[in-house]
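Chemist: Sending over a structure as structure tokens; questions will come in a sec.
The values are calculated or read from the model by the stated rules, or taken from the named source; none is laboratory data. Note that the structure is a prediction, hence the values are computed from the model and not measured. For neighbour counting, all protein chains shown are included, and Cβ atoms are generated from backbone atoms with ideal geometry for every residue, glycine included.
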């Protein structure tokens, strides 16, 4: 059998929903120091990460719920959390890419689960200091254990960038902050750690741009990213989901936002 080819997250979600498996065990934002990923200057560095995992069980945890005990129909979330932390605290671990880190987290889950029937594993690794201007950079990977269907998404979260954007006269007088979220679906593993370069390009483009509408800004950004970042052959199957919001624009709302999703290589 050849290597597993990732699918888009929407396709993975559809298969998971149609499976009929709904019982889940979750650990959210486990604080771990990992020797993985890149810092904001693109250097391989040991850094802090929030790791989240979701296990979808292959069978309902009926026996665990009926006996009020942790048995083989479920997974002890405390044991899982300690196992992940213990694995990455080892001094002998060499630096690994974010893709390798995500796979290592999934393997920790399998080891702890043991004989428990696991339908799917989802992991989210977020580097809190992986973004210079935002709230983090990270990677989400999801795997259906029996079919092998897997998705891979790299993201930058809430990158705040000043921009001259808006149709009102006051908005043409000075720049205002916009929050940018980007998800790159079906990203090649060799490109997942390129988030510092992607963030810098986004900052340079948006801070120098002038548009009246977010819609026009987004369409222009997609074209610029295609020409200046997603230029490698391995990028051909990737999709870009890009959201821009204006937190200062509406007094009685957090922020208006516009989002688009486009393939890196349009047909």
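Chemist: Given the conditions (1) modelled with pLDDT of 95 or more; (2) crowded, with 17+ Cβ neighbours inside 10 Å; (3) part of a helix (DSSP H, G or I), and given that residue 49 satisfies all but one, which numbered condition is not satisfied?
Modeler: Result: residue 49 passes all but (3).
Chemist: In addition: Of the residues in segment 105-124, how many are farther than 18 Å from residue 187 by Cβ and touching a strand residue (DSSP E or B) at 6+ places or on another chain (Cβ under 8 Å)?
Modeler: 9
Chemist: Among the residues of segment 183-201, how many are modelled with pLDDT of 95 or more and touching a strand residue (DSSP E or B) at 6+ places or on another chain (Cβ under 6 Å)?
Modeler: So the count comes out to 8.
Chemist: Still on this structure, please answer the following. Could you list, in sequence order, the residues of segment 164-182 that are touching a helix residue (DSSP H, G or I) at 6+ places or on another chain (Cβ under 8 Å) and at pLDDT 90 or above?
Modeler: Answer for segment 164-182, where residues must be touching a helix residue (DSSP H, G or I) at 6+ places or on another chain (Cβ under 8 Å) and at pLDDT 90 or above: 178, 180, 182.
Chemist: What are the residues in segment 30-43 that are in contact with a strand residue (DSSP E or B) (Cβ under 9 Å, 6 or more places away or on another chain) and surrounded by 12 or more Cβ atoms within 10 Å (Cβ to Cβ), if any?
Modeler: Within segment 30-43, 30, 32, 33, 34, 35, 36, 37, 38, 39, 40 meet the criteria.
Chemist: Would you say residue 153 is assigned to a strand (DSSP E or B) and surrounded by 20 or more Cβ atoms within 10 Å (Cβ to Cβ)?
Modeler: yes
Chemist: Right, next: Which pairs have Cβ atoms under 6 Å, sit 6 or more apart or on different chains, and link a residue in segment 96-115 that is in contact (Cβ under 8 Å) with a residue 60 or more places away in the chain to one that is in a helix (DSSP H, G or I) and buried (at least 16 other Cβ atoms within 10 Å of the Cβ)?
Modeler: Short answer, once both residue conditions are applied: 97/193; 98/192; 98/193; 99/189; 99/192.
Chemist: Under the condition of being in contact with a helix residue (DSSP H, G or I) (Cβ under 6 Å, 6 or more places away or on another chain) and under 28 Å from residue 18 (Cβ atoms), which residue from segment 95-119 is surrounded by the fewest Cβ atoms within 10 Å (Cβ to Cβ)?
Modeler: Here the answer is 112.
Chemist: Continuing with this model, one more query. Might you check whether a residue that is assigned to a strand (DSSP E or B) and within 19 Å of residue 48 (Cβ to Cβ) occurs anywhere in segment 89-102?
Modeler: yes
Chemist: Applying the selection to segment 207-234, what residues are at pLDDT below 95, surrounded by 15 or more Cβ atoms within 10 Å (Cβ to Cβ) and farther than 15 Å from residue 258 by Cα?
Modeler: If the condition is that a residue be at pLDDT below 95, surrounded by 15 or more Cβ atoms within 10 Å (Cβ to Cβ) and farther than 15 Å from residue 258 by Cα, then 209 is the only one that fits.
Chemist: On to the next question. So, in segment 14-28, exactly how many residues are surrounded by fewer than 19 Cβ atoms within 10 Å (Cβ to Cβ) and in contact (Cβ under 8 Å) with a residue 24 or more places away in the chain?
Modeler: The total comes to 9.
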